[in-house]
Each structure stands twice: as C-alpha cells, then as structure tokens.
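Undergrad: One structure is given below, represented as structure tokens, and several questions about it will come after.
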Amino acid sequence: MKNKRVLVLHGLGGSDYPHWQAHLAIDLIKQNTPVSFPSLPSRDNPDLNEWKEFVKNEIKQFKPTVVVCHSLANLLWFHLCEELDIKLDKLMLVAPVRDKELDAAKTFFPYPIPKDLKAEEIIMATSTNDPYINVEEAIRLQSKLNIGMKILEDAGHINAASGYGKLDCALDWVNREEECEENR
C-alpha cells in the first residue's frame, strides 16, 4: 500500500504514552509514515456529536488510508460510518466495548452495527479477559460486523494498564497486512 496515511483514534481518557497507540504513532513517525494521533475533545467525559465533528474534520484535512481505533473509538467509528464518504485501505478495531452504557460516555450508546465499515481490509482484536466486553459478546459483534478477529489471551482491555505498551503486531499489520498476534 503506497501513500499510507494512518489516523489513530483513542478511547475514553486517551491513549497517552506508554499505551500501544502512542508507541504505534511513534513507530509510524520513525518510518516516515504520515500519522495523525489527535487528542479528542473532552476525552474523559466525551460527547458523541463533538467527537464525530472533530473526526470528520480530521478525516477531511488528513485524508487517512488506515484508521486504528481503540475502545470507545470503535463505537465512534460505528456511528460515523453512516455519515462518511470514504473507503479506507485498512481499519483496525481494538478492544471494542459491549453495548451497555458507560457513565462517562452515555451519548455513544446504544451504538449501531454498520453494514459498511468503510474499509477494504478490517481486523478486530479482543481479549479473553477484557472487563468491557467478554469473548462471547465480542464474537457476537464480530459476527454481526462480518469481519475477522484475533483473540488475545489474558490481555485485559489491551491497554497500558494490562501490559500493552508496545504492540508490535499493530505496526506489523498496518505495514504488512498480517493479522495481529499477541506480543507484549
């Protein structure tokens, strides 16, 4: 994939270093890949419409070919799909959350199951012990989305708190189009 441009979207509270998304952004910059890793507004108490407008503007300006979502950003993407006129090369959905309200992000629920995720190649990654979605719920979501999924063993919410600073498989997948494999 030439002219790759990667948009990294964090979840509730952000994905500050040493989160794997921060490592991914740094690694992409080191290899001279254009990357946008914006801090979404009101990240600790987000509003869906505010995040949607922010990301639509970012997409218009940055023109990504790859989008990497973590946690609440997956739900943001699901909401955006009906409004976007875009076709990405790749979309990575990591650690989505169950369709049950989170107090700090009530406007994101319930979330739609888009028929078109706006990407040629899509991967979803979840964990056997994610506190925000169990494996059965993740499999139901994956089935509804009709996409591939990698299940990481005991990876929690696949964030810095659960041991995922660097997640080399994310960079590998963005670069080589290989599926994510566990690597802590």
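Undergrad: Give the distance, in whole Å, between the Cα centre of region 3-61 and the Cα centre of region 78-129.
TA: About 15 Å separates the Cα centre of region 3-61 from the one of region 78-129.
Undergrad: List the residues, sorted by chain then number, that are 5 or more residues from residue 36 or on another chain and whose placed amide H is less than 5 Å from its amide H.
TA: 6, 7, 8
Undergrad: Follow-up. Nearest 500 deg cm²/dmol is fine: what mean residue ellipticity at 222 nm does the chain get from its DSSP H runs of n ≥ 4 alone, each adding -39,500 (n - 2.57), divided by its residue count?
TA: Numbers: 5 runs with 55 residues, N = 184.
Taking each H run of at least 4 residues, the total per residue is -9000 deg cm²/dmol.
Undergrad: Continuing with this model, one more query. About the Cα centre, and with charges only on the beta carbon of Lys, Arg (+1) and Asp, Glu (-1), how big is the dipole of the chain? Nearest 20 debye, please. Can you show the working numbers first?
TA: Working: 22 positive and 29 negative charges, 107 e Å.
Roughly 520 debye, rounded to the nearest 20.
Undergrad: Quick one: Debye curve from the C-alpha atoms of region 1-93, no solvent, what's log10 I(q)/I(0) at q = 0.23 Å⁻¹?
TA: Debye intensities relative to I(0), on a log10 scale: -1.27.
Undergrad: If neighbour count is taken as other Cβ atoms inside 10 Å, put 16, 130, 168, 85 in order from fewest to most.
TA: On the way: 16 12, 130 26, 168 15, 85 6.
With the fewest neighbours first, 16, 130, 168, 85 line up as 85, 16, 168, 130.
Undergrad: Taking amide hydrogens as modeled 1.01 Å from N in the peptide plane, which residues meet the under 5 Å criterion relative to residue 124, leaving out close sequence neighbours?
TA: Here 93, 148, 149, 150 satisfy the definition.
Undergrad: Test of understanding: ordering 133, 113 by Cβ neighbours within 10 Å, fewest first, what list do you get?
TA: Details: 133 22, 113 15.
Final ranking by Cβ density, sparse to dense: 113, 133.
Undergrad: In whole angstrom, and with the biggest value first, how far do the Cα coordinates of region 6-176 range along each principal axis?
TA: Taking max minus min along each principal axis of the Cα atoms, region 6-176 gives 38, 33, 30 Å.
Undergrad: Short version: ³J(HN,Hα) in whole Hz for each residue of region 156-172, in order, from phi by Karplus 6.51 cos²θ - 1.76 cosθ + 1.60 (θ = phi - 60°), x for Gly and Pro, what are they?
TA: Values, residue by residue: x, 8, 6, 9, 4, 5, 9, x, 9, x, 7, 10, 4, 4, 5, 5, 4 Hz.
Undergrad: I've got another one for you. One-quarter of the Cα convex hull surface for region 93-132, in nm²?
TA: About 3.6 nm², averaged over all directions.
Undergrad: Among 4/87; 60/144; 106/150, which pairs are too far apart, with a Cα-Cα distance over 23 Å?
TA: On the way: 4/87 13 Å; 60/144 28 Å; 106/150 28 Å.
Among 4/87; 60/144; 106/150, the Cα-Cα distance tops 23 Å for 60/144; 106/150.
Undergrad: Each residue of region 81-93 in turn: what ³J(HN,Hα) in whole Hz from Karplus with 6.51, -1.76, 1.60 and θ = phi - 60°, glycine and Pro shown as x?
TA: Working through the residues one at a time gives 3, 5, 9, 9, 10, 8, 9, 7, 6, 9, 9, 10, 10 Hz.
No value in this document is a laboratory result; all are computed from the given coordinates. Predicted model, so just to flag it, every value in this text is computed and none were measured. Quick reminder, even Gly has a Cβ in these numbers, built from the backbone with ideal geometry, and neighbours come from all protein chains shown.
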